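Below you'll find the structure, written out as structure tokens, and then a few comments.
Please treat every number below as a calculation from the coordinates, not as lab data. All figures in this text were calculated on a predicted structure; none of them were measured in a lab. So basically every Cβ, Gly included, is an ideal-geometry build from the backbone, and we count neighbours across all protein chains shown.
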Amino acid sequence: MLKYLVETYGCQMNYSDTERMEAYLDALGFIPTKDFEDADFIMFNTCSIRQKAEDRVYGQMKKMGQLKKQNPNLIVVVTGCMVRKSSSRYSVDRDKLFVSMPSLDIALNTDELPQLAKLTREINPNLKIHEIEEESLEDYFYITPTHTSHQSKAQAFVAISNGCDKYCTYCIVPYSRGREKSRSIESILKEAEGLVENGCKEMTIIGQTVNSYGLSQHDEEHKTFEYLGDKKPFVHLLEELDKLKEKGLKRVRFTSPHPKDMSDQLIDAMARLETQMPYLHLPVQSGDDRTLKRMNRTYDTKSYKEILKKLRKKIPDISISTDIIVGFCGETEEEFNNTYSFFKELAFEHGYLAQYSERQGTTAAKFIRDDIPKSVKSERWHKLNELLKENSRNALKRFKGKTVNVLVESQEAKVCHGRSEHFKTVQFNSGRKLIGEIVPVKITDSKQWLLEGELV
Ligand code: SF4
């Protein structure tokens, strides 16, 4: 039996995809291992968001060359954002990665996972691989994931769409994953129900632009959600998931939404539904309108502010985090200062700050010059990061003396870590094993990035 190992880089979407890949490899009759030396089949589920992420994969490829000397039958696969064309080293029309990765055997587009068996047979026709029923090979979403990304059954990711129609100029996703495609609501609910019956308390539904679920060009052409009338398909989905509270589901989170699709209906649903939490991660990327235009983000700072105003009116205590890219092509000092002021004014409580790095194949790489020196990008990043730290410290202070409910994610000896309703990391001690449980914790202190408390 072949032993496999999947190494994952990047966002939650990639971790969710890995769960599908593992399930598929299990179905082929492969056995999981955690040891590179022991594996006969190694997959790298890659991320292209930054150069560093790609560099790590190239670094691993050197290691694969060494491992192949010890185990000549080792099969090495690269999947995820770095791949453009599913192919094997013997294909006539191969992915470009084969040129720069001599140890590579298979390149695989994520949503073409069902092709993996065929490509593996091309590499080694003598391998004993289980046959999988035709129906389950039709679509990537038919593959039921292993749900192994979390330490307990109490948490799970559920992918509801794949690909993206937004075409931000700096992003490779619309090219690597293709156009946005929504999964059927029946199949999402079937998976969700199964998870809840199995003990899931917190579900994070994911998609590249999760709240545009059902609104893609593909859905419009196929009139997939016409039966809902004016109701937004994403809101309908949240309502259906909310009904699972009867069976034990406590929390439904979603990531990452796009500001353009933050409808009033959605804001209302977030305020109204019991399983919705008072937290939202809403990527803005820049607080300057000219920069947003060059990024093709399709909204401006005014409309973004309006969304936050509505959210805070309906859910006064909501915590909001965001993503920012500093040093995007042509970003002047004034434009950066606008982003800084915007970040301060909107009081983001958390955020993922990135320094822009050009990704081959994107519109920005083709048409806009990456003209901001590295030193300037770094300086801007540090300045914004100082503000982020201050915002985080201030935001956490308001929880002191309050009791929050924590879903425990990890526990080492007595030290437990978990997330509160507001997605704040909470640390406390317990002599009991609590992973996967939701427990009340009284907050006694707040640090830079986390809250400390005592089990009530
Ligand atoms: S919305 Fe923009 S950044 Fe997000 S996946 Fe789509 S193209 Fe990329």
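Side notes on the structure shown:
- Restriction of the trypsin sites (Lys or Arg not before Pro) in the range 179-226 to DSSP coil positions whose beta-carbon has at most 15 other beta-carbons within 10 angstrom yields 179, 223.
- DSSP-defined beta bridges in the chain - what % are antiparallel, rounded to 5: 40 percent
- The chain: angle of helix 301-314 to the longest principal axis, Cα-based, in degrees nearest 10: 70 degrees
- When both bridge partners sit in the range 3-137, DSSP labels roughly 10% of those beta bridges antiparallel.
- Ordering 12, 119, 147 by the projection of their Cα atoms onto the charge dipole of the chain, which places +1 on the Cβ of Lys and Arg and -1 on the Cβ of Asp and Glu, puts 12 at the extreme positive end.
- Unit charges at the beta carbon, dipole of the chain: most positive-side option, 43, 416, 449: 449
- 222 nm mean residue ellipticity, helices alone, for the chain (DSSP H n ≥ 4; -39,500 (n - 2.57); rounded to 500): -10000 deg cm²/dmol
- Each part reduced to its alpha carbon centroid, the range 315-331 and the range 295-311 end up 11 Å apart.
- Whether the range 3-137 is rounded, prolate or oblate, judged on the alpha carbon gyration tensor where a/c under 1.5 counts as rounded: rounded
- Unmatched cysteines, the chain - criterion: no other Cβ of a Cys under 4.7 angstrom: 11, 47, 81, 164, 200, 329, 416
- Rounded if a/c under 1.5, otherwise prolate or oblate - the range 403-455, Cα gyration tensor axes: prolate
- Pair residue 31, residue 442: separation of 7 Å Cα→Cβ label points (nm): 5.2 nm
- Cα-based helix-to-principal-axis angle, 333-346 vs the chain, degrees rounded to 10: 60 degrees
- Interchain or long-range residues, amide H under 5 Å from residue 205's placed H: 158, 253, 254, 255
- Distance from the Cα centroid of the range 152-195 to that of the range 392-456 is 30 Å (rounded to whole angstrom).
- Placing +1 on each Lys and Arg Cβ and -1 on each Asp and Glu Cβ, with no other charges, gives the range 256-404 a dipole about its Cα centre of roughly 400 debye.
- Extension gain (nm, one decimal) between residue 341 and residue 455, 0.36 nm per residue minus Cα-Cα: 37.2 nm
- Straight-line cross-link partners of residue 302 among the lysines, defined as a Cα under 20 Å from its Cα and at least 8 positions apart when in the same chain: 166, 260, 293, 310, 313, 314, 344.
- Scalar couplings 3J(HN,Hα) for the range 64-80, obtained by applying the Karplus form with A = 6.51, B = -1.76, C = 1.60 to θ = phi - 60°, are 5, x, 5, 4, 5, 5, 7, 10, x, 8, 4, 10, 10, 10, 10, 9, x Hz; x denotes Gly and Pro.
- Restricting attention to the range 150-277, close to 15% of DSSP beta bridges with both partner residues there are antiparallel.
- Global geometry of the range 150-277, whether rounded, prolate or oblate, following the gyration tensor of its Cα atoms and the 1.5 cut on a/c: prolate
- For the chain, the relative contact order is 10 percent, taking Cα pairs closer than 8 Å that sit 6 or more residues apart in sequence and dividing their mean separation by the residue count.
- Distance from the C-alpha centroid of the range 1-55 to that of the range 333-369: 30 Å, rounded to the whole angstrom.
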